[in-house]
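K.L.:
Structure provided below as structure tokens; questions to follow.
The values are calculated or read from the model by the stated rules, or taken from the named source; none is laboratory data. Please read all numbers here as calculations on a predicted model, not as lab measurements. Here the Cβ positions follow ideal geometry from the backbone for every residue, glycine too, while neighbour counts run over all protein chains shown. Accessible surface areas use protein heavy atoms only, side chains included; no ligands, DNA or RNA. Shrake-Rupley method; radii C 1.70, N 1.55, O 1.52, S 1.80 Å.
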Amino acid sequence: MRLFTNIVLLLAGVAGTGFVSFFVARAVVQTATFGTCFDGGCGYAAVFLAFPLVWFVTFALYVMALLIWRKRPFRQSRGDA
């Protein structure tokens, strides 16, 4: 059951961070952050630069938060009572 839960959380993280990355890349295109939009150049920059970069960073933050959240608390040894 734990393996199934981990797989579901991983897929939810991939989908969620991809969704966030899509909207960030869309905002980059609309604001022309990477320069002028001559012949659709900012669209290519958003698709091939902003989207993968933001997806990588947000997914890394998601995995880090997931590992911290699911970490088991330290157990005291029985001799230290």
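K.L.:
Any idea how far apart residue 63 and residue 1 come out in nm if each label point goes 7 Å out from Cα toward Cβ?
P.N.:
Placing both labels 7 Å beyond Cα along the Cβ direction yields 2.7 nm.
K.L.:
At 0.36 nm per residue, and after removing the present C-alpha to C-alpha distance, how many nm does the segment from residue 33 to residue 71 gain when stretched out fully?
P.N.:
Gain in length upon complete extension: 9.8 nm.
K.L.:
On a 1.4 Å probe surface of the protein chains, which of 1, 64 comes out largest in accessible area, and what is the full order?
P.N.:
1, 64
K.L.:
Given 0.36 nm per residue, what is the gain on full extension from residue 48 to residue 14 after removing their alpha carbon distance, in nm?
P.N.:
In short, 10.5 nm is gained.
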